[in-house]
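To start, the structure itself, in C-alpha cells.
The values are calculated or read from the model by the stated rules, or taken from the named source; none is laboratory data. Not measured: the values here are computed from a predicted model. Using ideal geometry, Cβ is built from the backbone for each residue, glycine included, and neighbour counts are taken over all protein chains shown.
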C-alpha cells in the first residue's frame with residue numbers, strides 16, 4: 001500500500017534513529033494529521049492488493065516493538 005499525501009499535514013514522520021534500511025527495508029516519510037489525540041494517515045491499496053482483498057485475503061497491521069498501541073483501521077467515506 002502507498003500512503004496518500006494529505007492536505008492538512010501537521011507532521012512528517014521519518015525512520016527511527018536506529019533504523020537500518022539495508023536490514024529492515026526502506027522506511028519512507030509518512031505525512032500525518034494530528035486530530036483529537038489520533039495520528040491519521042491515508043493509504044491506497046494497489047490494484048493487486050484490492051483484488052486480493054476482494055478475493056477474501058486479509059489486511060495485515062504490523063507494529064514494531066513489544067507494546068501494542070491503540071490503533072484503528074477503517075475505510076474512508078470520501
Hey, residue 26 at pLDDT below 95, closer than 26 Å to residue 58 by Cβ and out of contact with any helix residue (DSSP H, G or I) (no Cβ under 9 Å at 6 or more places or on another chain) or not: yes
Close pairs from the stretch 21-40: first closer than 14 Å to residue 71 by Cα, partner loosely packed, with under 10 Cβ neighbours inside 10 Å and modelled with pLDDT of 95 or more, Cβ under 7 Å, at least 6 apart: none
Selection within the stretch 27-56 - surrounded by 13 or more Cβ atoms within 10 Å (Cβ to Cβ) and not in a loop (DSSP other than H, G, I, E, B): 30, 31, 32, 33, 39, 40, 42, 43, 49, 52
